[in-house]
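Below is one structure, written out as structure tokens, with a few remarks after it.
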Number of protein chains: 2
Amino acid sequence: MKNTKIVEVLKTDPVLQEISVQGWVRAFRSNRFIALNDGSTINNIQAVVDFENTPQEILDEINIGAALHITGTLKESEGKGQKVEIAAKEITILGKANSDDVKKTILSPKRHSLEKLREQAHLRVRTNTFGAIMRVRAKLSFAVHQYFNENGFYYVNTPIITGSDAEGAGEMFRVTNFDLNNPAKDENGKVNFKEDFFGKETNLTVSGQLEAETYAMGLGQVYTFGPTFRAENSNTSRHLAEFWMIEPEVAFCDLDGNMDLAEDFIKYVLNYVLTHCDDDLAFLENRLIQEDKAKPEKDRAPMPLREKLKFITENNFKRVSYTEAIEILKNSKPNKKKKFDYLIEEWGADLQSEHERYLVEKHFKCPVILFDYPAQIKAFYMRLNEDGKTVRAMDVLFPGIGEMVGGSQREERLEVLQEKMKEFNIDEEELWWYLDTRRFGSCVHSGFGLGFERLVLFATGMSNIRDVIPFPRTPQNAEF
Amino acid sequence: MKNTKIVEVLKTDPVLQEISVQGWVRAFRSNRFIALNDGSTINNIQAVVDFENTPQEILDEINIGAALHITGTLKESEGKGQKVEIAAKEITILGKANSDDVKKTILSPKRHSLEKLREQAHLRVRTNTFGAIMRVRAKLSFAVHQYFNENGFYYVNTPIITGSDAEGAGEMFRVTNFDLNNPAKDENGKVNFKEDFFGKETNLTVSGQLEAETYAMGLGQVYTFGPTFRAENSNTSRHLAEFWMIEPEVAFCDLDGNMDLAEDFIKYVLNYVLTHCDDDLAFLENRLIQEDKAKPEKDRAPMPLREKLKFITENNFKRVSYTEAIEILKNSKPNKKKKFDYLIEEWGADLQSEHERYLVEKHFKCPVILFDYPAQIKAFYMRLNEDGKTVRAMDVLFPGIGEMVGGSQREERLEVLQEKMKEFNIDEEELWWYLDTRRFGSCVHSGFGLGFERLVLFATGMSNIRDVIPFPRTPQNAEF
């Protein structure tokens with residue numbers, strides 16, 4: 001008999017049909033009720049053991065974590081909490097799970113801290129919480145690809161190993177084929193990178209944007225979705241040394257078009273998970289509500305998870321200039337009462353998460369896109385406005401998160417770009433190929449970057465970024 | 001007026017409507033006919049210049065490579081080769097392209113070698129060939145995600161930076177945050193990796209399989225699709241130091257199921273591009289035919305590109321055991337006449353590309369899946385057969401390429417796996433987490449790996465792997 005996935009079984013009408021399933025034991029009550037899960041859904045199928053006709057040696061091995069094959073009759077459930085259950089006829093133990101050993105792991109049926117779960121990242125996906133998170137993550141990924149595919153974007157794999165460090169000086173990991181104890185040296189006793197694999201110093205990319213721009217100039221609309229790296233020694237709940245980034249880049253598109261794209265894109269992918277992951281989101285929503293009970297009122301989530309997602313998909317994003325935002329912040333209560341950690345005193349200040357969240361959560365009460373930032377706090381490639389002091393940058397701000405997206409219209413004028421690179425001490429020779437895009441058929445173009453894990457954090461209601469990527473890489477941690 | 005993409009314009013009925021387009025000049029003939037391309041399709045739209053009413057300074061800037069905005073009337077084309085054309089009313093030069101400068105680049109309208117194009121990888125996507133390749137690549141990527149999503153697989157991002165080198169000893173790139181001229185040292189003068197970013201030696205991954213297995217044991221069906229790395233000093237048309245790999249991993253799936261999956265998957269993604277990339281494939285097919293004319297008969301492609309793809313999608317893959325294949329090869333003409341570079345003398349020999357291609361192209365004349373390989377030539381994690389000398393490995397062999405997919409049923413028995421690891425000198429302590437999957441609810445499971453660039457090579461008919469990835473990384477080359 002063909003095995004059926006549990007997600008399908010749970011949708012099946014119980015016409016007393018024979019069925020067989022495979023999965024892992026999540027619970028075994030009263031020597032009778034097995035809760036079996038196969039990862040296809042957060043929900044378990046209940047299998048009722050015919051314990052009189054089941055050999056004791058089988059019963060003894062139905063432990064939490066064990067892999068079973070169960071054949072039986074699908075019928076209406078007598079218990080509550082599920083529509084159908086399986087009256088088990090035959091149970092095969094596919095893989096045992098010694099209950100004493102299980103007790104030493106996070107598979108054991110008690111509350112484990114998220115920290116503990118992280119130490120066993122190879123097992124945590126077998127828990128309800130992490131199963132749900134990783135299914136939502138996967139569906140979000142798919143939504144990203146589907147959105148861009150439907151809208152005429154081409155996926156581009158920009159290089160991971162890069163010889164250029166124009167953007168990330170100091171924060172990049174080095175890649176080498178040298179034995180670090182014995183690298184090739186030149187006549188001055190310095191490491192001779194000409195003898196290294198690539199014949200020069202190489203790093204792990206911090207962004208595929210510059211390369212993506214060259215592709216937008218040929219294919220029109222492109223996007224990257226790949227790993228990026230920061231060798232930043234930040235041990236916080238918001239930083240990863242390795243994370244996945246989405247970077248669309250669009251030719252013939254100005255900042256307004258860029259804002260439209262970011263808003264449309266985010267709404268699409270969140271709508272996708274609202275539609276396709278309801279069971280998982282419901283679980284995560286409830287998890288958050290339970291967790292919030294232990295917190296002081298002010299630290300609780302202002303609304304349930306799915307409502308929060310709809311708050312994004314159903315609201316227009318408010319578009320506000322940086323200059324306007326500074327005025328609002330300067331005159332805001334927390335600024336006047338000195339409640340902000342960083343007080344806003346004058347135009348030109350870099351905004352912190354507390355300011356971004358104030359604008360979104362307290363002032364506008366909707367997602368906000370800030371634009372036209374001071375040139376000196378933004379990157380060299382952003383398009384200079386006619387005022388000579390602001391650039392066509394934009395940040396999309398979200399409740400609870402702050403910046404979700406950072407983007408800009410790119411400086412398309414060769415001379416202005418060269419001027420900016422001089423100011424920023426960026427070597428023209430290193431970026432000769434980037435400048436070529438402005439030499440041959442340059443045009444207005446725009447793009448943005450979205451850290452995928454931030455989106456997953458937001459969509460799952462989790463609060464530590466290490467809990468939304470399978471095997472997080474952080475300072476002092478590259479386990480698994 | 002809203003700008004229309006050229007792919008849409010070319011599908012529009014010419015009802016004399018006003019239209020505006022943007023793109024780059026691919027050709028400008030007789031001071032009159034502009035061929036404009038925006039990357040949305042390989043096809044150009046022809047815009048006919050009203051040269052009497054177009055200022056000379058505009059006409060002077062309509063150079064190859066320049067970015068233009070053209071407004072005009074869409075009408076039936078008077079020339080041949082296109083259905084519609086635009087009678088241009090207004091032409092705006094968005095970005096110039098100095099024709100003397102263009103002559104120094106691969107944008108200039110003459111035949112450039114693929115080597116030359118590689119040196120200008122930031123511009124080559126603006127050529128017909130590379131536009132087509134990269135659109136096919138992008139569509140293939142999407143097909144991969146869509147196939148797995150439709151079939152209940154979850155996308156898993158396994159780590160790129162890894163502390164484990166169990167699989168790739170000697171071929172892995174090192175990742176470090178040290179200044180290589182001045183790394184932290186211990187009391188013995190050795191590099192002290194405890195002081196490095198991750199507190200230990202780290203490398204770039206060669207495969208996400210082992211981590212994916214842990215996820216398959218929770219989510220049931222997963223796949224990776226991400227960059228992998230080899231620090232192999234191979235300067236060939238088949239090797240990249242950085243390439244993208246697809247690795248599905250399925251719980252409760254044996255080798256037969258694995259073969260079914262590989263065959264179904266490959267057929268799906270190739271069918272997808274046959275359906276969605278016909279213009280690009282037609283161009284690439286013709287390109288290959290033209291190129292083959294300069295070659296001796298025996299080196300030409302045995303069939304046109306799209307026919308070759310249909311050869312895969314419409315044929316059953318022949319499944320043959322390694323043992324049977326060895327017999328066939330031993331008795332084959334090229335073996336007896338000593339035409340193979342590596343003669344097949346006895347069971348246990350590792351097959352070379354020439355043998356794989358003989359089986360596919362000469363003997364079976366269809367795609368072939370070889371299975372049950374000798375244990376000693378395969379990896380430690382492959383399931384040992386009852387004969388004690390073969391493992392449940394499989395390779396999918398393609399015409400012109402040889403191995404397209406390598407996979408196996410995984411060894412699910414803890415003791416056998418431990419034994420194998422001892423034999424292969426793999427440290428149990430390093431893979432404690434991998435072994436845990438066999439301790440807690442182990443089950444029959446399988447997976448495979450497919451090097452994405454090989455698939456793109458096959459689908460585009462290109463012959464050098466550096467031409468199917470935007471910015472190839474190879475020994476002595478990490479430009480851009």
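Can you spot a residue in the stretch B:319-329 that is outside any helix (DSSP H, G or I), at negative phi and open to solvent by 10 Å² or more (accessible area, probe 1.4 Å)? Looking through the stretch B:319-329, at least one residue is outside any helix (DSSP H, G or I), at negative phi and open to solvent by 10 Å² or more (accessible area, probe 1.4 Å). Counting the residues of the stretch B:283-293 that are of a type outside the set (D, E, K, R) and either surrounded by fewer than 15 Cβ atoms within 10 Å (Cβ to Cβ) or over 19 Å from the mean Cα position of the chain (by Cα) (or both) gives 3. Somewhere in the stretch B:138-150, is a residue under 30 Å from B:PHE225 (Cα atoms) and exposed (fewer than 15 other Cβ atoms within 10 Å of the Cβ)? Yes; the residues of the stretch B:138-150 include at least one that is under 30 Å from B:PHE225 (Cα atoms) and exposed (fewer than 15 other Cβ atoms within 10 Å of the Cβ).
Selection of the stretch A:433-446 for residues being open to solvent by 30 Å² or more (accessible area, probe 1.4 Å) and more than 33 Å from the chain's Cα centre (by Cα) yields only A:ARG439. Residue check: B:ALA169 meets all listed conditions (1) under 25 Å from B:ARG466 (Cβ atoms); (2) modelled with pLDDT under 95 but one, namely (1).
Quickly run through the stretch B:437-475 and pick out the residues that are at the interface with another protein chain (Cβ under 8 Å from one of its Cβ atoms), part of a helix (DSSP H, G or I) and of a type outside the set (Ser, Thr, Tyr).
Correct list: B:ARG438, B:ARG439.
So for the stretch B:73-91 (the condition being closer than 23 Å to B:ILE42 by Cβ, open to solvent by 10 Å² or more (accessible area, probe 1.4 Å) and within 11 Å of chain A (Cβ to nearest Cβ)), does at least one residue qualify? No, the conditions are met nowhere in the stretch B:73-91. Can you say whether A:GLN82 is modelled with pLDDT under 95 and of a type outside the set (A, V, I, L, M, F, W, C), as far as the supplied structure shows? Criteria met by A:GLN82. Only residues that are buried (at least 18 other Cβ atoms within 10 Å of the Cβ) and either farther than 30 Å from A:MET462 by Cα or free of Cβ contacts under 8 Å to residues at least 12 places away in the same chain (or both): list them for the stretch A:385-405, please. Result: A:THR390, A:VAL391, A:ARG392. Looking at the stretch A:266-287 only, could you name the residues that are in contact with a helix residue (DSSP H, G or I) (Cβ under 6 Å, 6 or more places away or on another chain) and among the hydrophobic types (A, V, I, L, M, F, W, C)? Matches in the stretch A:266-287: A:VAL269, A:LEU270, A:VAL273, A:LEU274, A:CYS277, A:LEU281, A:PHE283, A:LEU284.
For the stretch A:172-223, the tally of residues that are among the polar types (S, T, N, Q) and either open to solvent by less than 10 Å² (accessible area, probe 1.4 Å) or within 30 Å of A:ASP254 (Cβ to Cβ) (or both) stands at 7. I'd like the full set of residues that are hydrophobic (A, V, I, L, M, F, W, C) and farther than 30 Å from B:THR4 by Cα, limited to the stretch A:216-273. Selection gives A:PHE229, A:ALA231, A:LEU240, A:ALA241, A:PHE243, A:TRP244, A:VAL273.
Check whether at least one residue in the stretch B:294-302 is modelled with pLDDT of 95 or more and either open to solvent by 30 Å² or more (accessible area, probe 1.4 Å) or in contact with a Lys or Arg (Cβ under 6 Å, 6 or more places away or on another chain) (or both), and report yes or no. Checking the stretch B:294-302: not a single residue is modelled with pLDDT of 95 or more and either open to solvent by 30 Å² or more (accessible area, probe 1.4 Å) or in contact with a Lys or Arg (Cβ under 6 Å, 6 or more places away or on another chain) (or both). Within the stretch A:224-249, the residues that satisfy the criterion of being in contact with a helix residue (DSSP H, G or I) (Cβ under 9 Å, 6 or more places away or on another chain), touching a residue at least 24 places away in the same chain (Cβ under 8 Å) and open to solvent by 10 Å² or more (accessible area, probe 1.4 Å) are A:SER237, A:ARG238, A:HIS239, A:LEU240, A:PHE243, A:MET245, A:GLU247.
Do we have any residue at all in the stretch B:212-227 that's aromatic (Phe, Trp, Tyr) and under 24 Å from the mean Cα position of the chain (by Cα)?
The answer is yes; a qualifying residue exists.
Applying a threshold of 9 Å to beta carbon distances and a minimum spacing of six or more residues, or different chains, the list of pairs starting in the stretch B:173-191 at a residue that is hydroxyl-bearing (Ser, Thr, Tyr) and ending at one that is not in a loop (DSSP other than H, G, I, E, B) reads B:THR176/A:ARG174; B:THR176/A:VAL175; B:THR176/A:THR176; B:THR176/B:VAL191; B:THR176/B:PHE193; B:THR176/B:THR202.
Against the definition (without any contact (Cβ under 8 Å) to a residue 12 or more places away in the chain and open to solvent by 50 Å² or more (accessible area, probe 1.4 Å)), how does A:ASP254 come out, yes or no? For A:ASP254, the condition - without any contact (Cβ under 8 Å) to a residue 12 or more places away in the chain and open to solvent by 50 Å² or more (accessible area, probe 1.4 Å) - is not met. Scan the stretch B:399-419 for residues that are in contact with a Phe, Trp or Tyr (Cβ under 8 Å, 6 or more places away or on another chain) and at pLDDT below 95 and the total you get is 3.
Surrounded by 13 or more Cβ atoms within 10 Å (Cβ to Cβ), among the aromatic types (Phe, Trp, Tyr) and modelled with pLDDT of 95 or more - does that describe any residue in the stretch A:49-59? Taking every residue of the stretch A:49-59 in turn, none turns out to be surrounded by 13 or more Cβ atoms within 10 Å (Cβ to Cβ), among the aromatic types (Phe, Trp, Tyr) and modelled with pLDDT of 95 or more. Looking at this structure, is A:ARG306 in a helix (DSSP H, G or I), without any contact (Cβ under 8 Å) to a residue 40 or more places away in the chain and of a type in the set (Lys, Arg)? Considered against the rule, which asks whether it is in a helix (DSSP H, G or I), without any contact (Cβ under 8 Å) to a residue 40 or more places away in the chain and of a type in the set (Lys, Arg), A:ARG306 comes out as yes.
Screening B:ASN149 against (1) touching a residue at least 60 places away in the same chain (Cβ under 8 Å); (2) assigned to a helix (DSSP H, G or I); (3) among the polar types (S, T, N, Q) leaves a single unmet condition, (1). Look at (1) within 13 Å of chain A (Cβ to nearest Cβ); (2) closer than 28 Å to B:PHE311 by Cα; (3) touching a strand residue (DSSP E or B) at 6+ places or on another chain (Cβ under 8 Å); (4) open to solvent by less than 10 Å² (accessible area, probe 1.4 Å) and you find that B:CYS277 fails only one, number (3). Could you list, in sequence order, all residues of the stretch B:92-129 that are aliphatic (A, V, I, L, M), over 22 Å from B:ASN53 (Cα atoms) and either within 8 Å of another protein chain (Cβ to nearest Cβ) or crowded, with 18+ Cβ neighbours inside 10 Å (or both)? Matches in the stretch B:92-129: B:ALA97, B:VAL102, B:ILE106, B:LEU107, B:LEU117, B:ALA121, B:LEU123, B:VAL125.
Determine which member of the set A:ALA138, A:ALA132, A:ALA121 is part of a loop (DSSP other than H, G, I, E, B) and under 20 Å from A:ARG454 (Cβ atoms).
Answer to the check: A:ALA121.
The values are calculated or read from the model by the stated rules, or taken from the named source; none is laboratory data. No experiment lies behind these values; they were computed from the predicted model shown. When we count neighbours, we look across all protein chains shown, and the Cβ atoms used for this are built from the backbone with ideal geometry, even at glycine. Protein only, heavy atoms only, side chains kept; ligands, DNA and RNA dropped before computing areas. Shrake-Rupley method; radii C 1.70, N 1.55, O 1.52, S 1.80 Å.
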